[in-house]
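The values are calculated or read from the model by the stated rules, or taken from the named source; none is laboratory data. Keep in mind it's a predicted model, so treat the numbers as computed, not measured. Every residue, glycine as well, gets a Cβ built from its backbone with ideal geometry; the counts of neighbours run over all protein chains shown. When the accessible area is computed, the model is the full protein with side chains, heavy atoms only, and any ligands, DNA or RNA have been set aside. Shrake-Rupley method; radii C 1.70, N 1.55, O 1.52, S 1.80 Å.
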Amino acid sequence: MTYTPNITLISGWAIPEDWLKALAQPFCPAATVHCVSPQDPFDADEAKRILQSPAPDIIIGYSLGSLWLLHHRSHLPDSAVKVLMAPILAFKKESGLAGKIPAGQLEFFLRTVERTQTLPTVIGDFMALGDIVLPQEVRGGIPERAVLLRGLEFLRDVAVTPDAALGFDAVLGDRDPFTDSAVLQPLMPNLHVVADCGHHPEPLLQTLFQLAAVREIFSAASSDKRI
């Protein structure tokens, strides 16, 4: 009996779930994609629910979602193929783990998001750093301010060691504005650096779905064999 692979895709900061899912689905038309933005990235119970229902064959964490996966890795199913997209071990530059953003700049941005009366403009300017321009029709899917603030606090407060990424594949643009690929490469041997690529998810997804471990899932599905 043919089975349909399940993909759980953990979204990045301020990225609408429906938009990211729509970018991913053409690369895996035979799969069911579940795209999720955690409401509180610190919440282990929420993480357990997301990661276990439905049970994923492939789990992908994008940007903040990559750090979230690493932080909650104890809840990951052993059998799932695990991929980090635009990976983050620590967002702050001072952590020495390939992050590019100084702590003071992150704190200033957090306070701006907290207080601004022009939140859509602030988010748009932030997205532009990563060559991302959200279509008008999906901007209603941006999480509410409280969720955005919790996400920024998570990026400020959480870091993981390179050992946390063992067993994960990863894809990162060589022009990513938040993570330095040259610094991260020796820390993460399974990192695939995408040339002439920033933080936009589409070229990263294209590379991700060519990874051998990911292709094996779809090969098994087409052969009517469950992994």
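A compact table of results
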| read-out | value |
| --- | --- |
| Cβ-defined net charge surrounding A213, 10 Å radius [Lys, Arg +1; Asp, Glu -1] | 0 |
| Rg/Rg_ref, the chain, where Rg_ref = 2.2 N^0.38 Å and atoms are Cα | 0.97 |
| The chain: most fluctuating residue of V83, V158, V171 per GNM, C-alpha cutoff 10 Å | V158 |
| Residues of the chain: accessible area per residue with a 1.4 Å probe, Å² | 46 Å² |
| S95, S63, ranked by accessible area, largest first (probe 1.4 Å) | S95, S63 |
| Lysine pairs meeting the criterion (Cα under 22 Å, 8 or more apart or interchain), as found in the chain | 5 |
| Highest-fluctuation residue, P87, P189, P38 considered, GNM on the chain with Cα pairs under 10 Å | P189 |
| Surface share of carbon and sulfur [accessible, 1.4 angstrom probe, percent] for segment 1-42 | 56 percent |
| Loop-located GluC sites (Glu not before Pro) in segment 114-164 whose Cβ has at most 15 other Cβ within 10 Å (DSSP) | E144 |
| Counted charge near A90, where neighbours are those whose Cβ lies closer than 11 Å (Asp, Glu -1; Lys, Arg +1) | +2 |
| Net charge of neighbours whose Cβ lies under 11 Å from the Cβ of W19, counting Lys and Arg as +1 and Asp and Glu as -1 | -2 |
| Accessible-area ranking of D196, D78, largest first, probe 1.4 Å | D78, D196 |
| Sequence-separation-based contact order of the chain, relative, with Cα cut under 8 Å and 6+ spacing, percent | 25 percent |
| GNM result for the chain, Cα springs below 10 Å: residue of Q52, Q105, Q39 fluctuating most strongly | Q105 |
| Portion, in percent, of the accessible area of segment 76-227 that falls on carbon or sulfur, probe 1.4 Å | 51 percent |
| Whole-angstrom gap from segment 1-42 to segment 100-129, using each part's C-alpha centre | 25 Å |
| Size of charge dipole - segment 107-227 - debye, nearest 20, with Cβ of Lys, Arg +1 and Asp, Glu -1, no other charges | 300 debye |
